[in-house]
Structure formats: C-alpha cells, structure tokens
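Report on one structure; see the data block that follows.
The values are calculated or read from the model by the stated rules, or taken from the named source; none is laboratory data. Since we're looking at a predicted model, the values are computed, not measured. Glycine gets a Cβ as well: all are built from the backbone with ideal geometry, and neighbour counts include every protein chain shown.
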Amino acid sequence: MKNKGIYVHIPFCVRKCAYCDFLSFPAGDELKKAYTGRLLKEIADGSAVSEGQTVDSIFIGGGTPSVPEAADIVRILEQIKKSCIVTADAEISIEANPGTVTEEKLALYREAGINRISFGAQSFNDDELKLLGRIHRSGDISECFEAARRAGFENINLDLMTGLPGQTKEVWSETLDKAIGLSPEHISVYSLIIEEGTAFYGRYHGADDIRAKGGTQSLLPSEEEERLMVVRGAERLAEAGYAQYEISNYAREGYECRHNLKYWLREDYLGFGLGAASCLGNFRYKNTSDMKEYLEAEDIRKDREYLTAEEELSEAIFLGLRLNLGVDIKELEKEYGADASCYLEWTEKMLDEGLLIKKGENIALSGRGRDLANYVWSGYV
Amino acid sequence: MNDQERIRNFCIVAHIDHGKSTLADRIIEKTGLLTEREMQEQVLDNMDLERERGITIKAQAVRTIYKAKDGKEYILNLIDTPGHVDFNYEVSRALAACDGAILVVDAAQGIEAQTLANVYLALDHDLEVFPVINKIDLPSAEPERVKDEIEDVIGLEAQDAPLISAKNGIGIEEVLEAVVEKVPAPKGDADAPLKALIFDSVYDSYKGVIVFMRIMDGKVRKGTRVKMMATGAVAEVVEVGWFGAGQFIPCEELSAGMVGYLAASIKNVKDTAVGDTVTEADRPCAEALPGYKKVQSMVYCGLYPADGAKYPDLKDALEKLTLNDASLFYEPETSVALGFGFRCGFLGLLHLEVVQERLEREYDLDLVTTAPGVVYKVYKTNGDVIELTNPSNLPDPSEIDHMEEPIVSAEIMVTKDFIGSIMELCQERRGRYLSMEYIEANRALLKYELPLNEIIYDFFDALKSRSKGYASFDYEMKAYETSKLVKLDILINKEEVDALSFIVHSDSAYERGRRMCERLKDEIPRHLFEIPIQAAVGGKVIARETVKAMRKDVLAKCYGGDITRKKKLLEKQKEGKKRMRQIGNVEIPQSAFMSVLKLDEE
C-alpha cells in the first residue's frame, strides 16, 4: 500500500486579492474557531482515515493558513498524527503569506513538525503587489524568508506570477533575480488567469482577446510577451540550479514537492476542510464549499464519483503530461487495465505538430507544448 | 338556408396590428358560435407561431350564423387572409373567394402601406370594400381624421364607417349589419358544372388533403369525382363540409355560393394548388377560373443539420412540412463546408424564417442556414439560360454573357421627418426612385424599384430603425433586369468556403466583403497558426483580415487536487471543437455561417 497524502484547507485570509478565485475570505475569530473545531472532528472521524494508514505528505493550504493562530495549526497536525501514521520522513508543508508570520509562529510550526514553507511572494515589485491587492511589500518577503531560515526551515518555496498587468520583461527579470537571490529550494511560476468573479475580471476580461485580434487593449502583457517571460524565466532558473519538473514548478534536485507530485501521478490523497478534494484509487469526492453546510451538516462530501478504468487512464495521461518527465502510455495501460489505442491518432498528431516529444518510452510536452498544453490535453479527455 | 341570398362571403383586410384577427374573434363570438371558454385568444390563428408573431400565416376560414336586425339568419363565411407580402398570391386567391371585404383601419395610425396594398388588391378582385375604424377607445384615436384620409387617399365612402373597438367588443353588431347590407350575395348557377376555387389546403393524416374552396357554380357531394384543372389530379370525394371555428363540420352537399372543404384521399398538397379550379371529372366546366399561378420560390438558402448525423431527420421533417406547405421547395445538395443538406426555396424571407423555426421547434433540429439569395438568371455565351439558386453553381465568368436579377416595386409610407433617411436607405440598396406623394400633411408615400436581393436580408429592420418604427412597407415582384452581379467568395486559410459565397452587385462587393471578413474574424477562434480570411471576386482578393495564432493556452495555475475542475475545463474545450466545422485545418463554429446573415447590425 502506497503512502497517502493529506491536504488541509484553511479558507481564511487577511483580505481577498484582486485576482483570487480560490475558496478563501476574511473571517472573524469566532468563525475561525468553529472551523478548526469542525476540521478536527472531520480528521478524527474514523471514516476519513482508516486505521494503520501511512501518510508521507501533508499540505496545509488556503487561503492563508498563516492567518489563524499557530495553536490551531498545531492541533490539526496533532489530530492527523493521532488518526494515522505519519512517516518519519514525511513532507509537511504550509502556505504562508509574507506579512502574516512572526518568529514565534514559525517556531511553533517547526515544533509541530512542519518542514516546508511556501511563501506567496508573487512579485518583488511593489507596484505589482499593490495592483494585485496583496497585503505585503517586496521587503516583507525577504524578512519573512530570513526569519523562516532562522526558525530552521530548510525547504522553502516562493510562488511567483507572470502575466501581470503592466508587467515588463525587465520587471519580471528583477523579480526572478531577487527570488533566486534568496536561494529558496523551490520556485513556482504561475500565470495570471483572469477568472470570473474576481475584481480583475471586471477590469481585464477579454483584454487578451481584444488585443490578440488587433485591438488596442494593452493592460496585460501580450501572450507572446508572457510566454517569453516564462521561457526566459525557465532558462534563468535552470542556470541557477532550478530544474523545471512541472508546468509551473522548478526545484533544486531532491526538493520537488512530494505532495503536489501525488496529484499529478494520481496517488491517493485525502482532503480535509471546506471544498477540499479527495482521491482514493478510482473513488473521488469533494467537500462542500458552503461554510454553513460544512459547519453544520453531518455529511459534507459532495460530487462522489467512481471512475472507470478508462477515465482513470485518461486522467493519468493528461495529469502526467504536466510533468517534464512525461508519461509512458503503455505502462499506464497496464497499471489501469484500460486500452489507450483511442489516443494513438491524437498522440501522432501532437508529435507531428511538435507539441509532444519522445523521451525514451515516454512522451512529454515540448516547450511549445507547454505553452499550449490545454490543447494537447484536450485530446486525452 | 342554402339560399344564396342569405350567404355573405367576405374577408378582412388591414395593415398588420390594426386589429384584423381581434375583429375576426369578436365576429365569431358575436355570432354565438363558441362559448367563451372555447374561445382562445385568437381562434383563427391556430399555429403557435402565428400567435407569437401576431400574424396569420395560412389562410383559414370560418362559417358563422348571424341573425340580423331584419330577423333573418345569414351564413357569414369569413375567410382569413395572410397579412404578409410573402404570401401575396395566397392573399389574392383568398380574396377571389370572397364577394366583399371589411377594411380595418387603426383610428390612431390611419392608413399604412399594407392598408393600401391590400385595399387595391381587394378592389382589383371586384370586392365590395367598406371601412371600419378600429381602436376608437385609444386616447390617441382620431376617427374623423382617419375617415377623411380614407376618402382622400383611397376614395372609399367612409363617413358612416362603423367606429369600433374590436378589443373591447364595441360596435361589432354594426360591423355585422354592414356585412349583411353591403357585401353582395353570391350569384352562382347551382345547376351548372362544378366550378370551385381552391384558396388553401391542409394535410390531415386521416383524411388526406383537405381542400378549402369557394363554390362558384354547381354542386359537390360525397361520391362526386372531381378534377383539379391545373394539376390534372382526379379523385373521388369522401367528405364535404364547412368550417366551424377550428374544426371541420361535415355536411351533405356544398353548392354554388358556399365556402367549405372537400376531402378525397388526396396524398399530396401539391395536387391541390392554391388558385386551381375544382370541377367534375365527368362534366367539367368550360374553362378554369382565372388567376391561377404556379407557386414560385423567391428566396433560396441552404439548410444543413448542425449535426451531420441528423440529415435523415431533416429530410423527414421537410417531407412532412411540404405535406402542408406546397410553396416550400427543397432538393438535396452538398457543401464542402457543411456536408449534406438541402437547397430550399421560399416565398420570401418571412416564409423562410417560419419554416426554419418550425423545423427547429417542432422537429427539434439544430440548423445551419446559409445566406439567403434570390433567383438570378444567368445568360451564357452559348445561349443557355440558367436560373441560379445556389451561388456555388455560378458558371465560370468566361461563360457568362450577362446576368439578371429580380426587381420589385416597393411602396413605403413614412412620416415627413424620416423621408430623408428612408430615401437614403433606398439609395444605398440600389433603389430607383419613382415618385413621392403626400397622402396627408405629415405623411408621404414613396415609390421605389428595388432589387429583391437588397431587401431580403435586413431591409425591414433597417427601415424600422431608421424611421423609429414610423415607416411601413409593401412590395410586389416586377421584373428581371440586367445587372452587374459578381460572386463574392470567402477564403479561410486560402480555402474557399462554398457555404459562405454569395452573389452581390459589383458596386457593393468591396463593402460586403470587408464586413464579412471582419465578422468572421470575430467568429473564428484562434488556432495554433495564423489564419488569413479573404474576400475575393473572380479570384482577386478584395479584402482581408487575419486571425492571429494562439500563443498560450495552458492552466499554469494550482488547482490543488481538484482534478474534476481541470477535467471539466478540458472537456469544455473538446466539446467546443466538436461543434465546429472543419475547413481544411481550420475549425469554424456554426455561428460563423449564421453571423454573416446579419452583416448590417452593429
């Protein structure tokens, strides 16, 4: 039996950022307290974690998990350790935003066994940070980073973003240099996606298309510029010793995020908390996204589905293709006991178009394939 | 009761919205034929579509009994006529079945273009026409002004016209009395050989075709062997009867002067063409009634199933529609872009829309329609003449001597303030100005000759928007005229898309081509490569747009373990592709084919 991963969702933040469509919102102490209580009960619930289950990755994400009291996080981890066996070498990550951690908090995290911290840096340019609606400024990032090091964190990630309004190659390059300068073990580079329901949607929706079709809308960098930033970024990161292992992720050797790899390799994971997703073999479900229901209802699991072998195979391919390593379709066919011949034609087409490349027995996205990955993946669903 | 003296055959003519159908309802109500409960809002308009659009598509009839003030009972046969220019021929046949007509004029709006057209049509058929003024209870009603207008413009005596409100049931008795008094009784010869005019026919799955007719001379009953003089079809009558409101009421015999139906196990409405004369097969009348015309399609377009697999369903649906609609023409055709479909002919654009909507609604079909076009006459250098209904079939320009297009004469009635903008519109549409006369201080009647292909797209809409709704319009076919026409082709990624080609006057080719390209650029999603969109005439590119290549399409974002959400996004992307048509290596959404129909909308 393979080790499982555990995801814990903390849906709270200091304030909502202008681009954010994740399940998170500011909340009062009372709600936070009630939420932690419900979370502990969910984890303790025998149906959630079967006895004797080993876990080698825990990821506390959000929202901003550094917003609630550190004591709450400590209690959550204690409950997880009570409910299942956490391996000695487990990767235990927490997401934190610069400006929401203190030396004291960091020390408590370490004490509770957290050994990886992921900072939502996003940019080292104060104008960009302001535009994004972030609560921190560039200087806060370095301060927090150093504090985390002092607290004993030897595995730190920085999240960065491309495609920001007004972002130029020069500004991006500065951000990247400053991030590398701090020498973290892991760097994630995400592209800004203008999502419905965010403040950015009202401001920028359609801008991309308008400009691509020859309009004058110039608020966002063009697709070409954004891709160039990503490609140049990957080169710069490679030079600095960070190899790309997934569409958005770069790491020093041995520091690839074990937890996220579970998602892409379709390994088992359990999600606790509001809107958290779980995947156990071919069984999958998602917790309710309604806070009231989460707090009050007995059964909070929604969207239960049992996947067929064919569906599992399809997912294994398109998720696996996120990784630079790519996938060996023949191996996956054996693993899931399903037939992948329906994808042969598409794979050939993608190889012809140069969006997929062969890597030994594996197929993987090419550089251009990564830019147009949705198109490639859409042939495998 | 079969005494012709007690029969009145009449119709109601009006401009759209002046209250024709409402008046018909009230007449049926007053004559006590129906209880209120049975009374749907508009009894005569049976089809849903008709009710929604507020227009009458097919002529129908109803027979009511009215006890007049003279103490006698009269049979009133009210024949309802379609109110749209597309169905002018049907209107003319329905009028020919009547002896008189009620002219309904809106007390506020007065005479409109259709009022004139319909009155003249009625007068042409020697009908006794008398006016009634409707909607007198409207605050803006000016019955006296409208009376004067009717006398001045049409020359009908209007001073004693009934002042009514069909909506509120005011003055209906007066109208009925006027019908009895003013509409002449029929004067047929019941002993002469049968001579009856077909003014409509419907298909019933039990009885076969039901022929709506007015008996001019003679008699018909069960067992009579009848012959349709124009189509030559012969059949034995199984049933005759008259029209209840929304139902057929069988009777023994129909004789001269009466309006009713016959059923004779006829399978196809094409055998019982509107305007044809029904006679006895064994004792035919000397000559057919005048005015019969073979139905001719005026507007053509391609109809394709959005899902190619639905082709048999579309075929089936068209077959069923033509059972009831002899004026709908269709034949199979294939398009490189759209696959298997049909080239369909219609009486006009409204007819096209009605058919299209019925196919989509009643038969649950998703359709792709190509740009509607008219019938062009192509004179080839070798002397052949082709009637062109599909632009793709246009011969090579080197083989064409010249081409002709259909011209209509149009009458537009408009208030003074908008004369300028309407004239401008007519000029833009290659109209030829004929005349303008003021029919009252504030309104003028404009006469133009316009190419039919300029009005089939969106002329009505343009007319309405440029006159803020104050213009009314009517037209009739006039003639074919030589014209400088060219075929405009659209090339997407250098490939000609046959379904997007159309015929256009050479002077408008550039403008239309440019707008087509702009429209298509918005409709075609970006691909991995750059896609040129070109408009070309005779192989020469006259306009061009480019859909830029897609450079980025990736979920470079962390959705955590929520795979379902990722998958849904990808599935959506894949689904979108399925609904596209593949032209070369470019995928074109169905909507692109339709959007070019609305080139002038901003």
Could you please give the count of residues in region B:293-315 that are surrounded by fewer than 20 Cβ atoms within 10 Å (Cβ to Cβ) and either in a strand (DSSP E or B) or touching a Ser or Thr at 6+ places or on another chain (Cβ under 7 Å) (or both)? 1
Of all residues in region A:274-294, how many are closer than 19 Å to A:Phe22 by Cα, more than 10 Å from chain B (Cβ to nearest Cβ) and not charged (D, E, K, R)? 6
Scanning region A:19-39 residue by residue, those over 22 Å from the mean Cα position of the chain (by Cα) and either farther than 17 Å from A:Asp72 by Cα or aliphatic (A, V, I, L, M) (or both) turn out to be A:Ala27, A:Leu31, A:Ala34
State yes or no: is B:Val209 in contact with a Ser or Thr (Cβ under 7 Å, 6 or more places away or on another chain), farther than 22 Å from B:Tyr120 by Cα and in contact (Cβ under 8 Å) with a residue 40 or more places away in the chain? yes
Kindly provide the set of residues from region A:221-250 that are part of a helix (DSSP H, G or I), touching a residue at least 40 places away in the same chain (Cβ under 8 Å) and away from chain B (no Cβ under 14 Å), ordered by number. A:Arg232, A:Arg236, A:Leu237
Out of the residues in region B:441-453 that are surrounded by 15 or more Cβ atoms within 10 Å (Cβ to Cβ) and more than 12 Å from B:Ala410 (Cα to Cα), which is modelled with the lowest pLDDT? B:Arg443
Could you check region A:153-180 and list, in sequence order, the residues that are of a type outside the set (A, V, I, L, M, F, W, C) and part of a strand (DSSP E or B)? A:Asn157, A:Asp159, A:Thr162
For region B:189-209, the count of residues that are part of a loop (DSSP other than H, G, I, E, B) and either crowded, with 21+ Cβ neighbours inside 10 Å or polar (S, T, N, Q) (or both) equals 2
Name the residue, out of A:Asn324, A:Asn362, A:Asn374, that is within 14 Å of chain B (Cβ to nearest Cβ) and within 21 Å of A:Glu267 (Cα to Cα). A:Asn324
Can you name every residue in region B:389-409 that is among the aliphatic types (A, V, I, L, M) and free of Cβ contacts under 8 Å to residues at least 40 places away in the same chain? B:Ile400
Would you point out which residue out of A:Ile85, A:Ile76, A:Ile94 is free of Cβ contacts under 8 Å to residues at least 60 places away in the same chain and crowded, with 21+ Cβ neighbours inside 10 Å? A:Ile94
Please work out which residue is nearest to A:Gln244 (Cα to Cα), limiting yourself to region A:336-359 and to residues that are within 12 Å of chain B (Cβ to nearest Cβ) and crowded, with 19+ Cβ neighbours inside 10 Å. A:Leu355
Within region B:352-379, track down each residue that is among the charged types (D, E, K, R) and surrounded by 15 or more Cβ atoms within 10 Å (Cβ to Cβ). B:Glu353, B:Glu357, B:Arg358, B:Lys377
Among the residues in region A:243-261, are any in contact with a helix residue (DSSP H, G or I) (Cβ under 8 Å, 6 or more places away or on another chain) and more than 29 Å from A:Ala277 (Cβ to Cβ)? no
Kindly indicate whether any position in region B:503-519 is surrounded by fewer than 19 Cβ atoms within 10 Å (Cβ to Cβ), farther than 29 Å from B:Thr334 by Cα and over 26 Å from the mean Cα position of the chain (by Cα). yes
With the structure loaded, tell me whether A:Asp371 is touching a strand residue (DSSP E or B) at 6+ places or on another chain (Cβ under 6 Å), of a type in the set (D, E, K, R) and over 16 Å from B:Lys566 (Cα atoms) or whether it fails that test. no
Tell me, please, whether a residue that is out of contact with any His (no Cβ under 8 Å at 6 or more places or on another chain), acidic (Asp, Glu) and in contact (Cβ under 8 Å) with a residue 60 or more places away in the chain can be found in region B:498-505. yes
Of these, B:Ile531, B:Ile563, which one is in contact (Cβ under 8 Å) with a residue 12 or more places away in the chain, among the β-branched types (Val, Ile, Thr) and crowded, with 16+ Cβ neighbours inside 10 Å? B:Ile531
Could we say that B:Ala479 is among the aliphatic types (A, V, I, L, M), at pLDDT 90 or above and under 24 Å from the mean Cα position of the chain (by Cα) here? yes
Checking the condition within 20 Å of B:Glu575 (Cα to Cα) and touching a Cys at 6+ places or on another chain (Cβ under 9 Å), which residue from A:Glu315, A:Glu345, A:Glu310 passes? A:Glu310
Single residue of region A:44-56 satisfying the filter (aliphatic (A, V, I, L, M) and closer than 20 Å to A:Ala88 by Cβ) that is modelled with the highest pLDDT: A:Val55
(1) farther than 28 Å from B:Phe10 by Cβ; (2) hydrophobic (A, V, I, L, M, F, W, C); (3) under 18 Å from the mean Cα position of the chain (by Cα): which one isn't true of B:Val274, the others all being true? (1)
Among the listed residues B:Ile111, B:Ile65, B:Ile75, identify the single one that is of a type in the set (Val, Ile, Thr) and over 30 Å from B:Asp3 (Cα atoms). B:Ile111
On the basis of being of a type in the set (Lys, Arg) and either in a loop (DSSP other than H, G, I, E, B) or not assigned by TED's automatic domain parsing to the domain that holds A:Ile247 (or both), does A:Arg149 make the cut? no
Selected residue [closer than 28 Å to B:Asn88 by Cβ and in a strand (DSSP E or B)] from B:Ala462, B:Ala444: B:Ala444
Step by step: first the residues of region A:251-264, then only those that are of a type outside the set (D, E, K, R) and more than 12 Å from every other protein chain (Cβ to nearest Cβ), then the one that is surrounded by the most Cβ atoms within 10 Å (Cβ to Cβ). Which residue is that? A:Ala251
Evaluate the following for A:Arg301: is it at pLDDT 95 or above and surrounded by fewer than 22 Cβ atoms within 10 Å (Cβ to Cβ)? no
